[in-house]
Amino acid sequence: MRITIERSNLLKSLNHVHRVVERRNTIPILSNVLLRADAGSLEMKATDLDLEITEATPAQVEQAGATTVPAHLLYDIVRKLPDGSEVLLANTPDGGSMTVASGRSKFSLQCLPQSDFPDLTAGSFSHTFKLKATDLKMLIDRTQFAISTEETRYYLNGIFVHTIESDGKLKLRAVATDGHRLARADVEAPSGSEGMPGIIIPRKTVGELQKLVDNPDLVVAVEVSDAKIRFTIGSVVLTSKLIDGTFPDYQRVIPAGNDKELKIGCQSFAQAVDRVSTISSERGRAVKLALSEGQMTLTVNNPDSGSATEELPVGYESDPLEIGFNAKYLLDITAQLSGEEAVFMLADPGSPTLVRDLAGDDALYVLMPMRV
């Protein structure tokens with residue numbers, strides 16, 4: 001293999017693929033990126049056996065071929081080369097090492113044979129559809145923060161995606177929960193997604209996907225089977241295993257009878273929560289909301305360092321109520337709200353609270369209260 005490629009193209013593709021590679025690997029080949037040069041392009045592939053990313057980028061191919069080299073090392077080298085430079089990648093005849101040369105810099109990297117590189121064979125996909133990048137980004141952004149990190153309930157370590165009939169229309173819905181809060185977002189179901197199996201996309205895949213859908217003009221091709229999902233985003237193809245588990249019946253925890261309505265300005269509320277929670281101990285982070293007509297008082301007490309209160313004018317006309325929430329969870333939810341105002345539907349100090357965006361975004365949030 002012998003190719004010349006622009007540094008910017010190489011760096012952009014490596015930036016997408018090298019993140020999948022775990023820093024510590026018991027299987028040496030998984031630390032490597034597969035480089036395959038052929039017919040005017042260089043294809044790169046990286047995998048951790050659960051997730052695989054491939055990307056093709058234009059290159060001048062003098063001699064076609066394939067090899068694997070350490071992914072993070074190659075990325076660090078290319079990142080430190082000067083802007084606008086051209087990079088030569090060339091294999092030694094025995095295939096044992098690869099030269100990376102640019103200007104006066106020259107590196108030699110150890111190679112492992114490409115025949116050893118694992119292939120995340122996808123099998124056949126039962127459902128195929130296209131989704132606007134903006135819709136996919138919205139589904140991820142609105143729900144990702146609520147994904148559980150608790151390994152014992154592994155089936156909560158991702159976003160549950162499925163189709164559902166809502167208000168007479170078919171919706172593609174994303175749900176995430178960690179048991180303390182729940183986030184749900186809907187977009188119109190694209191053609192081809194009807195009857196697709198409910199799937200749980202793992203947290204790592206969601207994180208990589210979020211970085212790839214930053215171009216609002218893109219259309220993402222999605223292919224789904226019971227065990228795998230594949231996204232084609234421009235020149236990047238991301239294939240991932242799905243979490244093999246049953247997502248709980250989330251509909252049961254969405255309260256329907258909450259009758260106390262609270263309207264607040266998202267920004268002023270978030271800033272007030274942030275200010276009073278400065279005093280809280282990291283462990284508890286509970287903030288008490290005392291509601292009376294037209295007013296909310298936020299209070300945080302920390303036996304070690306003192307207390308803080310702040311008053312906010314709000315739209316509230318029900319009976320007085322005191323309820324406590326985890327400050328971080330409140331801030332996480334308000335950060336997702338796209339409108340200027342939010343509505344909280346409350347019941348009592350021990351029941352879950354429903355939060356919606358008044359901007360009409362197809363998203364809702366459920367938050368469990370804390371004792372204060």
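The values are calculated or read from the model by the stated rules, or taken from the named source; none is laboratory data. As the structure is a prediction and not an experimental result, all values here were calculated from the model. For neighbour counting, all protein chains shown are included, and Cβ atoms are generated from backbone atoms with ideal geometry for every residue, glycine included. These area figures cover heavy atoms from the full protein model, side chains too; ligands, DNA and RNA do not enter into them. Shrake-Rupley method; radii C 1.70, N 1.55, O 1.52, S 1.80 Å.
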Against the condition closer than 27 Å to S166 by Cα, open to solvent by less than 40 Å² (accessible area, probe 1.4 Å), assigned to a strand (DSSP E or B) and not hydroxyl-bearing (S, T, Y), how does L298 come out, does it pass? no
Would you mind stating whether T92 is on the phi < 0 side of the Ramachandran plot, at pLDDT below 95 and β-branched (V, I, T)? yes
Looking only at the stretch 222-269, count how many residues are part of a helix (DSSP H, G or I) and surrounded by fewer than 19 Cβ atoms within 10 Å (Cβ to Cβ). 6
Report whether or not S108 is open to solvent by less than 40 Å² (accessible area, probe 1.4 Å), over 28 Å from the mean Cα position of the chain (by Cα) and at pLDDT 95 or above. no
Residue satisfying condition, being surrounded by 18 or more Cβ atoms within 10 Å (Cβ to Cβ), in contact (Cβ under 8 Å) with a residue 12 or more places away in the chain and in contact with a helix residue (DSSP H, G or I) (Cβ under 6 Å, 6 or more places away or on another chain), within set A189, A174, A146: A174
Go through the stretch 271-281 and count every residue that is closer than 13 Å to M296 by Cα and open to solvent by 20 Å² or more (accessible area, probe 1.4 Å). 0
Only unsatisfied item for R230, checking (1) of a type in the set (K, R); (2) under 18 Å from the mean Cα position of the chain (by Cα); (3) farther than 30 Å from D50 by Cα, is (3)
Output the number of the condition that G95 fails; it satisfies all remaining conditions of (1) surrounded by 15 or more Cβ atoms within 10 Å (Cβ to Cβ); (2) under 34 Å from the mean Cα position of the chain (by Cα); (3) part of a loop (DSSP other than H, G, I, E, B). (2)
Among G198, G168, which is open to solvent by 40 Å² or more (accessible area, probe 1.4 Å), under 25 Å from D357 (Cα atoms) and over 12 Å from the mean Cα position of the chain (by Cα)? G168
For a quick check of your reading: which strands (runs of 3 or more DSSP E) sit entirely within the stretch 113-204 and have at least 1 residues that are polar (S, T, N, Q)? 127-132, 158-166, 169-177
Inside the stretch 3-64, counting only strands (runs of 3 or more DSSP E) that do not spill past its ends, which hold 2 or more residues that are small (G, A, S)? 41-47
Within the stretch 303-372, considering only strands (runs of 3 or more DSSP E) that don't extend past its boundaries, which have at least 3 residues that are among the hydrophobic types (A, V, I, L, M, F, W, C) and open to solvent by less than 30 Å² (accessible area, probe 1.4 Å)? 321-326, 341-346, 363-367
So H180 clears everything in (1) open to solvent by 40 Å² or more (accessible area, probe 1.4 Å); (2) more than 28 Å from K328 (Cβ to Cβ) except one condition, right? Which one? (2)
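Residue-wise test of (1) in contact with a strand residue (DSSP E or B) (Cβ under 7 Å, 6 or more places away or on another chain); (2) within 15 Å of E341 (Cβ to Cβ); (3) free of Cβ contacts under 8 Å to residues at least 24 places away in the same chain; (4) aliphatic (A, V, I, L, M).
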{"residue": "G265", "(1), (2), (3), (4)": "yes, yes, no, no"}
{"residue": "F269", "(1), (2), (3), (4)": "yes, yes, no, no"}
{"residue": "R275", "(1), (2), (3), (4)": "yes, no, no, no"}
{"residue": "S280", "(1), (2), (3), (4)": "yes, no, no, no"}
{"residue": "V287", "(1), (2), (3), (4)": "yes, no, no, yes"}
{"residue": "A290", "(1), (2), (3), (4)": "yes, no, no, yes"}
{"residue": "T309", "(1), (2), (3), (4)": "yes, no, no, no"}
{"residue": "E317", "(1), (2), (3), (4)": "no, no, no, no"}
State yes or no: is G103 open to solvent by 70 Å² or more (accessible area, probe 1.4 Å) and among the small types (G, A, S)? yes
